[in-house]
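Colleague: Have a look at this one.
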Amino acid sequence: MATKTLLLAGLLALAVSLAPHGAEAGGQPPLMIVSGVVPCSAGNSINAAAVPPFPNAAVQMVCARSVMASATADRTGAYTMNMGAATSSLLAPLLGNHCKVVVVTPLAACNASLASVTGTLAAPVQLLGIDSGTGGLGGLGGLIGGLVGGILNIIPLPFSVV
Ligand SMILES: *[C@@H]1O[C@H](CO)[C@@H](O)[C@H](O)[C@H]1NC(C)=O
């Protein structure tokens, strides 16, 4: 996947450029946003569209063992976490696949039949790209150009009980 390789290279370059001199770049670094829907279900690679949602679930973005952001889902199970400005200390674990969305609320809260499930729902995440506010991803050039002041979208892959 050449595009993905270029994307990763661009993000790595961003991470490096942000490392010591983030404030001197002349613009705002992109905001990192993760959003999705929490499923009320146990299992592996849960298709959130095919099961009931998990209303009011508490979710956390965990990178390595650190909680980087948290949020509470709405009554439709939808949540949005703002991780703040993209910094190298956030991008590095993301690019290294060390981050996941973890559901803190026990599954029994949405379905008493799931009280016996041991483990927590967790979803790995991937970088979707940059929305520079000009209508979509805009290709790789827009992606890299949109890094300043845009939004870096992080999307969760399907949840599994782990
Ligand atoms: C609760 O979970 C059980 C076991 O997975 C399932 O059979 C049932 O349909 C669920 N109930 C609701 C309301 O989703």
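Colleague: Once neighbouring chains are kept in place and the probe is 1.4 Å, which whole percent of the accessible area of the stretch 20-111 is contributed by carbon and sulfur?
Modeller: So the carbon and sulfur contribution to the accessible surface is 51 percent.
Colleague: Note down the nm distance, to one decimal, between modelled labels 7 Å out along Cα→Cβ at SER45 and at ALA58.
Modeller: Each label point lies 7 Å from its Cα, and together they span 3.1 nm.
Colleague: Could you state how much accessible area MET68 has, in square angstrom rounded to the nearest 10, with a 1.4 Å probe and all protein chains kept in place?
Modeller: Approximately 70 Å² for this residue.
The values are calculated or read from the model by the stated rules, or taken from the named source; none is laboratory data. Values in this document were obtained by computation on a predicted structure and should not be read as measured data. Backbone-built Cβ (ideal geometry, glycine too); neighbour counts: all protein chains shown. Keep in mind that these areas ignore ligands, DNA and RNA; they rest on the heavy atoms of the full protein, side chains included. Shrake-Rupley method; radii C 1.70, N 1.55, O 1.52, S 1.80 Å.
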